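Participant: Handing you this structure, nothing more for now.
The values are calculated or read from the model by the stated rules, or taken from the named source; none is laboratory data. This structure is a prediction, so every number in the text was calculated from the model and none was measured. Neighbour counts are summed over all protein chains in view; Cβ atoms, including those assigned to glycine, are modelled from backbone coordinates with ideal geometry. Keep in mind that these areas ignore ligands, DNA and RNA; they rest on the heavy atoms of the full protein, side chains included. Shrake-Rupley method; radii C 1.70, N 1.55, O 1.52, S 1.80 Å.
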Amino acid sequence: MNATTGNALETKAPPKQRKLLLSAGLSWMFDAMDVGIISFIAAALAVEWSLTPEQTGFFTSINSVGMAFGAAIAGFMADKFGRKSVLLWTLVIFSVASGLSAAATGFAVLCVLRFIAGFGLGGELPVASTLVSESVPAKERGRAVVLLESFWAAGWIASALISYFVIPKWGWQAAFLIGALPALYALYLRKSIQEPARYREQAAGRKGQAPSFGKRFTSVWASPHRRSTVMLWVLWFTVVFSYYGMFLWLPSVMVLKGFSLVKSFEYVLIMTLAQLPGYFTAAYFIEKFGRKFVLVLYLLLTAASAAWFGSATSEGMLMAAGICLSFFNLGAWGGMYAYTPELYPTSVRSTGVGLAASFGRVGGIIAPYLVGMLIARHVAVGSIFWLFFVTIVIGALAVWWLGTETKGKELAD
């Protein structure tokens, strides 16, 4: 990048950054709302359609199958055709598929539509984080991406509110129809966001000769990036595995612990509120102490919270452990999204982020289905959460041993 472009990025007016963060953040919020609603709809469908635990696990996993494909493909497409256009298309895809899910009359049709919705969801997230990361000065970049990720908490809170007030009265179909609204928001995004200057300059420099997916994949695994790629793939797998295994089953786990469906929705809503301070504290610490500090600390505390939640024996302990689980797990997510784009150059940044996210989604596919199988075999909830404890600790160790600190460093071009 030349000096002029670099200075322009450093002196960009804060209002423009706030507008970008809000615009991308709202699309992120709609993503989270759709994913969050799935966890509540799964609990409702298990009752209405008499789904087995294996079917419930498959239903929650199929979303992640679509997300795995979407993250890898959209990451490559964003490096080739631009961050903005791919962001818009992925938003439209998941919104339309979510709306159509309301008309599903059978389990198979619903799963197909959730795969398509997952494709859009998985594609949007890494592209949005890359776009924001490339558009913000180095001294504020980590905080900005964590704040972007904080919109995920807003989406989960919205999904919990929709599920608590809408599903019991109007049914799960109404929740899916609300999930179609982001398609209209895409029309606003067409004018409200721009391609990052870094990407525009890099795209102009290659004069239309974009490398193939194979070359980008090879570049991500080349010697300058191999250590970071190994670390990120382990990190993403362990975080996504534990998150989707725990949180997509959270309303159902509350039911298993003896609470009514409506009461479980109420308690999960309270736990979800703890996500916001988790993000905000991570956003503060990530620029003060660095990416590695935030990720390792928040992951280890997430692991401790998972063990506590699994072994909780009283209502008070269950709520306290669930609040801590939400607080630290989502703070770690924010750190992960801030950290990942900083480890690759502009030419393959979105591809690198997309591939890491795609591999992580494999964990999101396995975990919900695995939990369903374990519950069907009468494995204790406490034992299942100890599995998540071990998984999260592995992710923390990978960051500690293999990660490099990127706080305050300019993005590579």
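Participant: Failed condition for Thr406, given (1) open to solvent by less than 50 Å² (accessible area, probe 1.4 Å); (2) under 21 Å from Gly245 (Cα atoms), with all others met?
Facilitator: (2)
Participant: Still on this structure, please answer the following. Do the conditions hold for Phe280, that is, is it under 30 Å from Ala222 (Cβ atoms), open to solvent by 10 Å² or more (accessible area, probe 1.4 Å) and in contact (Cβ under 8 Å) with a residue 12 or more places away in the chain? Walk me through it before giving the result.
Facilitator: Working: under 30 Å from Ala222 (Cβ atoms): no; open to solvent by 10 Å² or more (accessible area, probe 1.4 Å): yes; in contact (Cβ under 8 Å) with a residue 12 or more places away in the chain: yes.
For Phe280, the condition - under 30 Å from Ala222 (Cβ atoms), open to solvent by 10 Å² or more (accessible area, probe 1.4 Å) and in contact (Cβ under 8 Å) with a residue 12 or more places away in the chain - is not met.
Participant: Moving on. Between residues in the stretch 287-302 that are assigned by the TED database to the domain that holds Leu235 and residues that are among the hydroxyl-bearing types (Ser, Thr, Tyr) and modelled with pLDDT under 95, which pairs lie under 6 Å by C-beta distance while being six or more apart or on different chains?
Facilitator: Arg291/Tyr339; Arg291/Thr406
Participant: Just checking, how many residues over the stretch 376-391 are farther than 14 Å from Ser311 by Cβ and in contact with a Phe, Trp or Tyr (Cβ under 9 Å, 6 or more places away or on another chain)?
Facilitator: 1
Participant: Where in the stretch 146-200 are there helices (runs of 4 or more DSSP H), lying fully within it, with 2 or more residues that are farther than 14 Å from Ile41 by Cβ and of a type outside the set (Asp, Glu)? Show your work before the answer.
Facilitator: Details: elements: 167-170, 172-178, 182-192.
Answer list for the stretch 146-200: 182-192.
This table checks each residue for (1) closer than 15 Å to Val35 by Cα; (2) touching a helix residue (DSSP H, G or I) at 6+ places or on another chain (Cβ under 9 Å); (3) in a helix (DSSP H, G or I); (4) open to solvent by 30 Å² or more (accessible area, probe 1.4 Å).
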position: Ile73; (1), (2), (3), (4): no, yes, yes, yes
position: Phe94; (1), (2), (3), (4): yes, yes, yes, no
position: Ser98; (1), (2), (3), (4): yes, yes, yes, no
position: Ala108; (1), (2), (3), (4): no, no, yes, yes
position: Val112; (1), (2), (3), (4): no, yes, yes, yes
position: Ile116; (1), (2), (3), (4): yes, yes, yes, yes
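Participant: Related question: Mind telling me which of the residues Pro137, Pro182 ends up being buried (at least 24 other Cβ atoms within 10 Å of the Cβ) and on the phi < 0 side of the Ramachandran plot?
Facilitator: Details: Pro137 fails: buried (at least 24 other Cβ atoms within 10 Å of the Cβ).
Criteria check complete, one pass: Pro182.
Participant: Would you call Val127 open to solvent by 10 Å² or more (accessible area, probe 1.4 Å) and outside the structural domain of Tyr369 (by the TED database)? Walk me through it before giving the result.
Facilitator: Numbers: open to solvent by 10 Å² or more (accessible area, probe 1.4 Å): no; outside the structural domain of Tyr369 (by the TED database): yes.
No: the conditions fail for Val127.
Participant: Something else now. Is it true that Val381 is closer than 29 Å to Gly142 by Cα, out of contact with any Cys (no Cβ under 7 Å at 6 or more places or on another chain) and of a type in the set (A, V, I, L, M)? Please lay out each step first, then the result.
Facilitator: Numbers: closer than 29 Å to Gly142 by Cα: no; out of contact with any Cys (no Cβ under 7 Å at 6 or more places or on another chain): yes; of a type in the set (A, V, I, L, M): yes.
In short, no.
Participant: If you take the residues of the stretch 266-293 that are among the aliphatic types (A, V, I, L, M) and modelled with pLDDT of 90 or more, which of them is farthest from Ala160 (Cα to Cα)? Even if it seems obvious, please write down each step before you answer.
Facilitator: Pass one, the stretch 266-293, residues among the aliphatic types (A, V, I, L, M): 268-271, 273-274, 276, 282-283, 286.
Keeping just the survivors that are modelled with pLDDT of 90 or more gives 282, 286.
Details: Ala282: 23, Ile286: 28 Å.
Across the stretch 266-293, the extreme among qualifying residues is Ile286.
Participant: So, one more: How many residues does the stretch 35-45 hold that are within 20 Å of Leu125 (Cβ to Cβ) and touching a Leu at 6+ places or on another chain (Cβ under 6 Å)?
Facilitator: Of the residues in the stretch 35-45, 1 are within 20 Å of Leu125 (Cβ to Cβ) and touching a Leu at 6+ places or on another chain (Cβ under 6 Å).
Participant: Quick one: count up the residues across the stretch 314-332 that are open to solvent by 10 Å² or more (accessible area, probe 1.4 Å) and under 9 Å from Leu299 (Cα atoms).
Facilitator: Within the stretch 314-332, residues that are open to solvent by 10 Å² or more (accessible area, probe 1.4 Å) and under 9 Å from Leu299 (Cα atoms) number 1.
Participant: A further question on this structure: Collect the residues in the stretch 344-389 that are more than 19 Å from Leu248 (Cα to Cα), open to solvent by 20 Å² or more (accessible area, probe 1.4 Å) and in a helix (DSSP H, G or I), keeping them in residue-number order.
Facilitator: Ser347
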